[in-house]
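Following: one structure in C-alpha cells, then a few remarks.
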Amino acid sequence: MQVNITETVLRDANQSLIATRMPFSDFEGILETINRAGYYSVECWGGATFDSCLRYLNEDPWKRLRLLKEKLKSSRLQMLLRGQNILGYKHYPDDVVRLFVAHAVENGMDIFRIFDALNDFRNIQVAVDETIKRGAHAQGVICYTTSPIHTLEKYAKLGRDLENMGVHSICIKDMAGIMGPQEAYELVKALKESVKLPVFLHTHSTTGLGPITYIKAVEAGCDGIDTAISSFSGGTSQPSTETLHYALRQMGYETGLDVKVLKEINDFFKPLKEQYIESGLMDPFVMGTDTDALNYQVPGGMLSNLIAQLKAQNSMDRLDEVLQETPRVRKDLGYPPLVTPMSQMVGVQAASNVLAGERYKNVSKEVKAYLRGEYGQAPGEIDSELQKKVLGDEKPITQRFADTLEPEFPKIKEKLKGVAQSDEDVLSYILFPQIAEKFFNERQESTALKVSYKIMKV
C-alpha cells in the first residue's frame, strides 16, 4: 500500500516554528531538489504565508506562487484555504472567493485543502465548487478537536457531508497535535467505512503524539500524511519526513520518497535552522514537546503568535495564565476548534482577559462578530451571559453570512485604478487593505528608484 507524503517545510512547518518569516530567497536554492524527492504534494502557500509575504517579507505572494511553480515543475503544489475567510480573518463575498480560487489555479496551485473553522460546511461550498470548476483538486477538511459535543458519529457524518458536496478527498486536520493513536485509528476507520474518498491526516508534534498517531492512522487505512523535513520537524511543527518514511517502509508500506534526496533537502535546511535560532526568530519554546497542550489545545501557529504577542507587551511571564484561560474562553464560545481564525480570536481574547485582570472587560471586534453569527454556526452552545453582555437584545443571525454580502471585486478594482497592476493585486488589497497598500507604495518607490538609477547611469 502507498502512503502519500505531503511536505510542509515551505508552509506549515515554517508557520509553526518561525511564524512564517522564511523569505523565498532562503529556500529558492533547494526547490529543484524538493521537486525530485517524490512527494505526493508540497504544501507551500496559503495559511499565513500570504499575510507574512506582504506584511514582513516585502514579497508579492502571487509572484512567490509563480516562482514556486517554475521550480517545482512536476510537483503538486498544495495550499490551505480558509473557505469563505480565504486567507483573512472575516468572511468575504462569493465573487471574491471565486476569483481568488480562479487566480490561484491560474498562477499554479493544484490542491486546495479547504476548511471552515467551525466545520460549518455552508462556508466552504463556494470555494469547493470553484476549485472543481477550475479543474483543481478540492480536499475538504474536518477540523478535529475534543469536547463533550464532538463524537465519532458526528465526525463520520461530516465526512459524508463532504463527500456529498463533491470533494475529491478528505483531510482530518488536528491543529494542536492532540489526537491520540487510538482516536486516530477509530476516526480514520469510521471515515473509511462512511465514505469512498481518500482520507488524509494532518497533525503536529506539539504533544509528542504525532508519529504514533500517524502510524495507527495508516494501519486504519489512512491514505496520506503531512510531514516536515527533519531539521524543521518536531515541536509545534509536523513529525519528521525521514522518520516516518523509515518506519512505514519497515512496516511494508511504500512512500515514493528518495532517501538520498531527502538528505540533500535536510542538509540545506540545517544551517537555516541554526541561523533562525541565533537570531531569536525560532524560540526554543516551540521546539520541544509540551503535553500541557493536551489540556489547552493550542495549535503551533497560534502558540508562536501568542508568544510574539506577549513578548511585544513585555508579558511573557503571563503565558501560563493565558494558556489556562484559553480552554475557558473556548468553552464560553461553544467549543470551536482552535484553527485560524478561531485560534487567533480565542487566543487574543484569553490574553486580553488575563492582562486586563477581568474576563471580557474588552471584547475584540472579531469575537463580537462571532457572537453575532457572522462566522457561522457554533459547534456547541455559547455562554448566554457572555452573548447578552456583548449583543444586548440583538439577535444572532442564523443564515449563511456570505449571503448578506454584496459583490466587492468590481468596486475595489475601480478604486485601485492606477495603483493595482493586476487582478491579483486587487485580491491582495481586499484581503489585507492597509498592508497591501503599504506594499504597493513601497513597490512603486522601488521601481521609481531603479528607473532613476538607470537614467543617471546612462
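Output the number of residues of segment 225-250 satisfying the condition of being in a helix (DSSP H, G or I) and within 17 Å of the chain's Cα centre (by Cα).
1
Among the residues of segment 21-46, count how many are within 22 Å of PHE285 (Cα to Cα) and crowded, with 24+ Cβ neighbours inside 10 Å.
Within segment 21-46, residues that are within 22 Å of PHE285 (Cα to Cα) and crowded, with 24+ Cβ neighbours inside 10 Å number 1.
Taking segment 405-430 as the search range and keeping residues that are hydroxyl-bearing (Ser, Thr, Tyr) and touching a residue at least 60 places away in the same chain (Cβ under 8 Å), which one is most open to solvent (accessible area, probe 1.4 Å)? Give the derivation first.
To start, the set of residues in segment 405-430 that are hydroxyl-bearing (Ser, Thr, Tyr) comprises 422, 428-429.
So of that shortlist, the ones also touching a residue at least 60 places away in the same chain (Cβ under 8 Å) come out as 422, 428.
Details: SER422: 42, SER428: 2 Å².
Applying the filter and picking the extreme gives SER422.
State whether the residues of segment 215-224 include one that is within 30 Å of ILE307 (Cα to Cα) and free of Cβ contacts under 8 Å to residues at least 40 places away in the same chain.
No, because not a single residue in segment 215-224 is within 30 Å of ILE307 (Cα to Cα) and free of Cβ contacts under 8 Å to residues at least 40 places away in the same chain.
Which one is nearest to the chain's Cα centre (by Cα), of the residues in segment 100-110 that are in contact (Cβ under 8 Å) with a residue 60 or more places away in the chain and farther than 11 Å from ARG134 by Cα? Don't jump to the end; show me each part of the working.
Going residue by residue through segment 100-110, those that are in contact (Cβ under 8 Å) with a residue 60 or more places away in the chain are 100, 103, 107, 109-110.
When the remaining residues are screened for being farther than 11 Å from ARG134 by Cα, the result is 100, 107.
On the way: PHE100: 16, ASN107: 19 Å.
Ranking the qualifying residues of segment 100-110, first place goes to PHE100.
Are any of the residues in segment 54-64 open to solvent by less than 10 Å² (accessible area, probe 1.4 Å), touching a residue at least 24 places away in the same chain (Cβ under 8 Å) and under 14 Å from ILE229 (Cβ atoms)?
no
Assuming THR236 fulfils every condition listed in (1) of a type in the set (S, T, N, Q); (2) touching a His at 6+ places or on another chain (Cβ under 8 Å); (3) within 30 Å of GLU130 (Cα to Cα) apart from one, which condition is it?
Failed condition: (3).
Out of GLY166, GLY177, GLY140, GLY210, which single residue is free of Cβ contacts under 8 Å to residues at least 40 places away in the same chain, open to solvent by less than 10 Å² (accessible area, probe 1.4 Å) and in contact with a helix residue (DSSP H, G or I) (Cβ under 7 Å, 6 or more places away or on another chain)? Reasoning before the result, please.
On the way: GLY166 fails: open to solvent by less than 10 Å² (accessible area, probe 1.4 Å); GLY177 fails: free of Cβ contacts under 8 Å to residues at least 40 places away in the same chain; GLY210 fails: in contact with a helix residue (DSSP H, G or I) (Cβ under 7 Å, 6 or more places away or on another chain).
Of GLY166, GLY177, GLY140, GLY210, the one residue that is free of Cβ contacts under 8 Å to residues at least 40 places away in the same chain, open to solvent by less than 10 Å² (accessible area, probe 1.4 Å) and in contact with a helix residue (DSSP H, G or I) (Cβ under 7 Å, 6 or more places away or on another chain) is GLY140.
Would you be able to tell me the number of residues in segment 98-113 that are surrounded by fewer than 18 Cβ atoms within 10 Å (Cβ to Cβ) and among the charged types (D, E, K, R)?
Within segment 98-113, residues that are surrounded by fewer than 18 Cβ atoms within 10 Å (Cβ to Cβ) and among the charged types (D, E, K, R) number 1.
Here are some residues: GLY334, GLY347, GLY301. Which one is of a type in the set (Gly, Ala, Ser), under 23 Å from the mean Cα position of the chain (by Cα), at pLDDT 95 or above and within 24 Å of VAL363 (Cβ to Cβ)?
GLY334
Which residue pairs have Cβ atoms closer than 7 Å, lie 6 or more positions apart in sequence or on different chains, and pair a first residue in segment 88-99 that is in contact (Cβ under 8 Å) with a residue 24 or more places away in the chain and closer than 14 Å to TYR429 by Cβ with a second residue that is open to solvent by less than 10 Å² (accessible area, probe 1.4 Å) and of a type in the set (S, T, N, Q)?
Close Cβ pairs (under 7 Å, with a partner that is open to solvent by less than 10 Å² (accessible area, probe 1.4 Å) and of a type in the set (S, T, N, Q)) amount to TYR92/GLN84.
The values are calculated or read from the model by the stated rules, or taken from the named source; none is laboratory data. Since this is a predicted model, take the numbers as computed values, not measurements. Neighbour counts are summed over all protein chains in view; Cβ atoms, including those assigned to glycine, are modelled from backbone coordinates with ideal geometry. Areas reflect the complete protein model, heavy atoms only, side chains present, ligands, DNA and RNA absent. Shrake-Rupley method; radii C 1.70, N 1.55, O 1.52, S 1.80 Å.
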